[in-house]
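Working notes, beginning with the structure itself.
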Amino acid sequence: MSEIQSNESVLSEALDLKDLQIADIGSGAGEMVRYMTSQGAHVTGLECGDLQLEKARSFPAEGDEVYLQGVGQQQPFDDDSFDVVTFFNSLHHVPLEHMAGALAEAMRVVKPAGTVYVGEPIASGRGFELNAPIDDETSVRTAAYDAIRNAATHGLKQVREIFYDTVYHYENFAAFKDRMIRIDPERRAPFEAIEDDLRSAFERLGIADGDGIRFDQPMRVNVLQKV
């Protein structure tokens, strides 16, 4: 494995976040919204899942961040509203038929010469192996990359592509189960049907360290610019 980098450190190396107006599409439980706010950005998180929004809003505010309910392919923002639009582990969750539309919407709401920053997990690594029995995302991650590579169709040009390895931590198996189901409540039944096997995989693939149980995840970032 190459040197481990956090999603936050890669983002901060690529962009000076201070004072930027940012829309985070598919903001989940708000981890990156809170980080970007802590670095001086003014961030709006857009999330479609009720449980994820509830979790995001349960944390103390870092600043003036806000969370709205909505989907990437129909963003409730005016044209040219943001300096940056981000997707963190979220573009591949957009329905296949709407991935290109989500990028077109990002182009619409970002300012001229603004940035669309797309961070996507690659279909490999211990984290992917752990998740695959419940939701093998190989095909949707490939489709998301295809949409990114066709982004010029929507007025976006690529200025940089970054590959790195990161890690995710869970306190325990229960925390892993909670996150998986919170992201998509429809996973509950298939998860519980093979829960013993998933617990065994969690124990086999996870590595205990000072932050909990860690799983590696190769990542790719595509930095796009509105033209």
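Of all residues in the range 171-196, those satisfying the criterion of being over 17 Å from residue 213 (Cβ atoms) and acidic (Asp, Glu) are 184, 186, 192, 196.
Residues in the range 93-111 that are in a helix (DSSP H, G or I), open to solvent by 10 Å² or more (accessible area, probe 1.4 Å) and in contact (Cβ under 8 Å) with a residue 24 or more places away in the chain: 93, 96, 98, 100, 101, 104, 105, 107, 108. For the range 62-84, filtering for residues that are under 22 Å from residue 11 (Cα atoms) and in contact (Cβ under 8 Å) with a residue 24 or more places away in the chain leaves 11.
Here residue 184 passes the criteria (1) closer than 21 Å to residue 8 by Cα; (2) under 16 Å from the mean Cα position of the chain (by Cα); (3) modelled with pLDDT under 95; (4) of a type outside the set (Lys, Arg) except the one numbered (1). Taking the range 18-33 as the range and being open to solvent by less than 50 Å² (accessible area, probe 1.4 Å), touching a strand residue (DSSP E or B) at 6+ places or on another chain (Cβ under 8 Å) and of a type outside the set (Val, Ile, Thr) as the test, the residues that pass are 20, 23, 24, 26, 27, 28, 30, 32.
With respect to the conditions (1) open to solvent by 20 Å² or more (accessible area, probe 1.4 Å); (2) within 28 Å of residue 137 (Cα to Cα); (3) in contact with a Phe, Trp or Tyr (Cβ under 9 Å, 6 or more places away or on another chain), residue 62 lacks only one, and its number is (2).
Of the candidates 127, 114, the single residue that is buried (at least 19 other Cβ atoms within 10 Å of the Cβ) and in a strand (DSSP E or B) is 114.
The values are calculated or read from the model by the stated rules, or taken from the named source; none is laboratory data. This structure is a prediction, so every number in the text was calculated from the model and none was measured. Counting neighbours? That spans all protein chains shown, and the Cβs are built from the backbone with ideal geometry, glycine included. We work out accessible area using only protein heavy atoms, side chains counted, and drop any ligands, DNA or RNA first. Shrake-Rupley method; radii C 1.70, N 1.55, O 1.52, S 1.80 Å.
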